[in-house]
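Some notes on the structure that comes next.
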């Protein structure tokens, strides 16, 4: 995925509601593109620790526009999986992967699939 709006559409497909119910969470994950305009911007929040930070910031759950309770952690996991080849890395995995000459498969596929990021 390349844009928070696309992630929001995916959230609607999984959890119902409207994209506007989810956009603030997906924008939070991707605002690090403003810090570092490279695919490695994901190392700052696209990991298990980032998902828990998201939950702390936005609350454990919320009611979407369909009246359904949605768990914030599930939205975070969805976002990270979509961007990291269906993998939820840890912050440690990101650091080790960036420093490694041989990149882990989840990172390599992410780099190939998301050139437009």
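The values are calculated or read from the model by the stated rules, or taken from the named source; none is laboratory data. Being a predicted model, the structure only gives us computed values, none of them experimental. Note: ideal-geometry Cβ built from the backbone for every residue, glycine included; neighbour counts use all protein chains shown.
Candidates in the stretch 97-115 are the residues that are loosely packed, with under 13 Cβ neighbours inside 10 Å and part of a helix (DSSP H, G or I); of these, the one that is modelled with the lowest pLDDT is 112. Output the residues belonging to the stretch 55-67 that are in contact (Cβ under 8 Å) with a residue 12 or more places away in the chain and within 18 Å of residue 8 (Cβ to Cβ). Listed by number, the residues that qualify are 55, 57, 58, 59, 62, 64, 65, 66.
One residue stands out in the stretch 45-54 among those that are without any contact (Cβ under 8 Å) to a residue 40 or more places away in the chain and within 15 Å of residue 4 (Cβ to Cβ): the one that is farthest from the chain's Cα centre (by Cα), namely 54.
Of the residues making up the stretch 66-103, just one is over 16 Å from residue 28 (Cβ atoms) and touching a strand residue (DSSP E or B) at 6+ places or on another chain (Cβ under 9 Å), namely 69.
Scan the stretch 50-65 for residues that are surrounded by fewer than 16 Cβ atoms within 10 Å (Cβ to Cβ) and either within 21 Å of residue 108 (Cα to Cα) or touching a strand residue (DSSP E or B) at 6+ places or on another chain (Cβ under 8 Å) (or both) and jot them down. Within the stretch 50-65, 60, 61, 63 qualify.
Of the residues making up the stretch 1-32, those that are buried (at least 17 other Cβ atoms within 10 Å of the Cβ), touching a residue at least 24 places away in the same chain (Cβ under 8 Å) and closer than 20 Å to residue 107 by Cα are 1, 4, 7, 26, 29, 30. Entry remark, the stretch 1-54: residues being in contact with a helix residue (DSSP H, G or I) (Cβ under 9 Å, 6 or more places away or on another chain), in a helix (DSSP H, G or I) and over 20 Å from residue 91 (Cα atoms) number 16 in total. Taking the options 80, 70, name whichever one is assigned to a strand (DSSP E or B), buried (at least 17 other Cβ atoms within 10 Å of the Cβ), in contact with a helix residue (DSSP H, G or I) (Cβ under 7 Å, 6 or more places away or on another chain) and touching a residue at least 24 places away in the same chain (Cβ under 8 Å). Going through 80, 70 in turn, the sole match is 70.
With the condition kept exactly as written, say whether any residue in the stretch 95-111 is under 15 Å from the mean Cα position of the chain (by Cα) and touching a residue at least 40 places away in the same chain (Cβ under 8 Å). For the stretch 95-111, residues under 15 Å from the mean Cα position of the chain (by Cα) and touching a residue at least 40 places away in the same chain (Cβ under 8 Å): present.
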